[in-house]
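Scroll down for the structure; my scribbles are underneath it.
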Amino acid sequence: MRTKTNDITIISEKSDIEGKLKMPGKVMILGFFTGSINSSSLEIFKNGKAAGTIEAENVIIAGYFEGEIACSGLLTVAKTGTVRGRVAYGALSVELGGLLDAEISQLESTDTKLIPFDRKGVHSDK
């Protein structure tokens, strides 16, 4: 997968990080992360776990994620991946064996800018 920049941030297998990441390139999670991530692409590897919010163009989940994802491009849940929570996506791929247990909504187009979830719902009329 190509990123818009060559910047790659890796959260290693033995890392346990809590906080807010805003990265221009790719974020790779092999360990544990809790908090919010804003990046051009994100990949949670098979043994990686994350909880919180993700805003990214492309996301691959091969590990475990719980929280909210706003993905303007392709969201892929790999055969070893689990996603629980709320998801807004441009395009979606769930491999056989992958688990998507979430409230989901498709963005109007892949050109749609990321819109963080409001607390009332993705498409709240209130």
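Considering the conditions (1) closer than 19 Å to LEU92 by Cα; (2) part of a strand (DSSP E or B), THR80 is excluded by exactly one of them, (2).
Can you say whether GLY98 is at pLDDT 95 or above and either among the hydroxyl-bearing types (Ser, Thr, Tyr) or within 15 Å of the chain's Cα centre (by Cα) (or both), as far as the supplied structure shows? In short, yes.
Does SER72 satisfy being within 20 Å of GLU103 (Cα to Cα), touching a residue at least 24 places away in the same chain (Cβ under 8 Å) and among the polar types (S, T, N, Q)? Give the derivation first.
Details: within 20 Å of GLU103 (Cα to Cα): yes; touching a residue at least 24 places away in the same chain (Cβ under 8 Å): yes; among the polar types (S, T, N, Q): yes.
The answer is yes for SER72.
If you filter region 1-50 down to residues that are small (Gly, Ala, Ser) and free of Cβ contacts under 8 Å to residues at least 24 places away in the same chain, you find that the one that is nearest to VAL83 (Cα to Cα) is ALA50.
Across region 51-61, the number of residues qualifying as closer than 14 Å to LEU74 by Cβ, over 8 Å from the mean Cα position of the chain (by Cα) and of a type in the set (A, V, I, L, M, F, W, C) comes to 0.
For region 29-78, the set of residues classified as closer than 18 Å to THR9 by Cα, surrounded by fewer than 19 Cβ atoms within 10 Å (Cβ to Cβ) and of a type in the set (A, V, I, L, M, F, W, C) consists of ALA51 only.
The values are calculated or read from the model by the stated rules, or taken from the named source; none is laboratory data. The structure presented is a predicted model; accordingly, all values stated were derived computationally and were not measured. Glycine also receives a Cβ, built like all others from the backbone with ideal geometry; neighbour counts cover every protein chain displayed.
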